[in-house]
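Written out below as structure tokens is the structure these notes cover.
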Amino acid sequence: MSFGRVGIQLNDSWLAAVGTEFDQPYIRALKQFLRDEKRSGKTIYPAGADIFNALNSTVFDQVKVVILGQDPYHGPGQAHGLCFSVLPGVPYPPSLKNIFNEIQLDLQIPLPAHGCLQSWAQQGVLLLNATLTVEQAHAGSHQRKGWEQFTDAVVHQLNEQREGLVFLLWGNYAQKKGAFIDSSRHLVLKSVHPSPLSAHRGFFGNKHFSRTNEYLLAQGKSVIDWSVPPLT
């Protein structure tokens, strides 16, 4: 499945789950919007090949945990298609640092040397932003262009077709987006956002990472290694 002018391949498991979305008028409008933005000379993050990185890194049948973010980072070299994650060599953004601080408090895992969460994605943690693209230096610039409808479809399919997932909903935005998730079939953990503006009001000490692993064990699934391995 290609998307826009640049051919972007989406994993077959996700095409089976949400492929019909690509036939919808809102996706055609979204494609045209992105084409127009690029033609006008605007810089869009992440790079085209990374727009669907979250879905391609964590195939549908292997998702165990879902973390919902809002927008990609809008600074150079940061976004690579996984919410909260940055490429190696990029300093931790404040919210990511607070995530690592809570992991250290919860599981006594030391702070990692970099902020790339690709290893989480490969273990079954879907790191999904609600909006999958953004204009450089303009946070929220691609909201309400169609991405939210697409990512809603992703979450709906996980909710309906899978059992025993963990949804981590940090902040009001994520909680509203995940309001329809069936908590009788999945574990839904909520807290304030890890932003420095709110982390001290309930993110620190929420123990979401240990609680996630306890639930996965109870479901007969392997736990997530929340450490971030050093680069090889």
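The values are calculated or read from the model by the stated rules, or taken from the named source; none is laboratory data. Remember, it's a predicted structure, so these values are computed and weren't measured experimentally. Cβ placement follows ideal geometry from the backbone for every residue including glycine, while neighbour counts extend to all protein chains displayed. Ligands, DNA and RNA are stripped out before the accessible areas are found, and what is left, the full protein with its side chains, is counted by its heavy atoms. Shrake-Rupley method; radii C 1.70, N 1.55, O 1.52, S 1.80 Å.
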* List the pairs whose first member sits in the stretch 53-66 and is in contact (Cβ under 8 Å) with a residue 40 or more places away in the chain and part of a helix (DSSP H, G or I), whose second member is hydroxyl-bearing (S, T, Y) and open to solvent by 20 Å² or more (accessible area, probe 1.4 Å), and whose Cβ atoms are under 6 Å apart, counting only residues at least 6 apart or on separate chains? -> F60/S13; D61/S13
* Just need a number here: residues in the stretch 140-162 that are in a loop (DSSP other than H, G, I, E, B), out of contact with any Asp or Glu (no Cβ under 9 Å at 6 or more places or on another chain) and either open to solvent by less than 10 Å² (accessible area, probe 1.4 Å) or in contact (Cβ under 8 Å) with a residue 24 or more places away in the chain (or both). => 2
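Tally up the residues in the stretch 69-83 that are crowded, with 21+ Cβ neighbours inside 10 Å and in contact with a strand residue (DSSP E or B) (Cβ under 6 Å, 6 or more places away or on another chain), please.
Start the filter on the stretch 69-83 by keeping residues that are crowded, with 21+ Cβ neighbours inside 10 Å, which leaves 69, 71-73, 79-83.
Next, from what is left, pick out any that are in contact with a strand residue (DSSP E or B) (Cβ under 6 Å, 6 or more places away or on another chain): 69, 71-72, 79, 82-83.
Result for the stretch 69-83: 6.
For the stretch 200-221, which positions are under 18 Å from L126 (Cβ atoms), touching a residue at least 60 places away in the same chain (Cβ under 8 Å) and surrounded by fewer than 20 Cβ atoms within 10 Å (Cβ to Cβ)?
Of the residues in the stretch 200-221, the ones under 18 Å from L126 (Cβ atoms) are 208-209, 211-213, 215-216, 219, 221.
Subset that is touching a residue at least 60 places away in the same chain (Cβ under 8 Å): 208-209, 212, 216, 221.
Correct list: K221 only.
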* To do: Identify the single condition in (1) in a helix (DSSP H, G or I); (2) over 25 Å from N11 (Cβ atoms) that N206 does not satisfy, given that it satisfies every other one.
  => (1)
* Asked: Just wondering, is there one or more residues in the stretch 127-138 that are at pLDDT 95 or above, farther than 22 Å from I51 by Cβ and part of a strand (DSSP E or B)?
  -> no
* Is it true that L165 is buried (at least 19 other Cβ atoms within 10 Å of the Cβ) and in contact with a Ser or Thr (Cβ under 9 Å, 6 or more places away or on another chain)? -> no
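Scanning the stretch 172-199 for residues that are touching a residue at least 60 places away in the same chain (Cβ under 8 Å) and closer than 22 Å to E148 by Cα, which turns out most open to solvent (accessible area, probe 1.4 Å)? Before the answer, list the steps.
Of the stretch 172-199, the ones touching a residue at least 60 places away in the same chain (Cβ under 8 Å) are 173-174, 177-178, 193-196, 199.
Applying the additional criterion that residues be closer than 22 Å to E148 by Cα yields 173-174, 177-178, 193-195.
Numbers: Y173: 79, A174: 4, K177: 22, G178: 5, H193: 60, P194: 0, S195: 24 Å².
Applying the filter and picking the extreme gives Y173.
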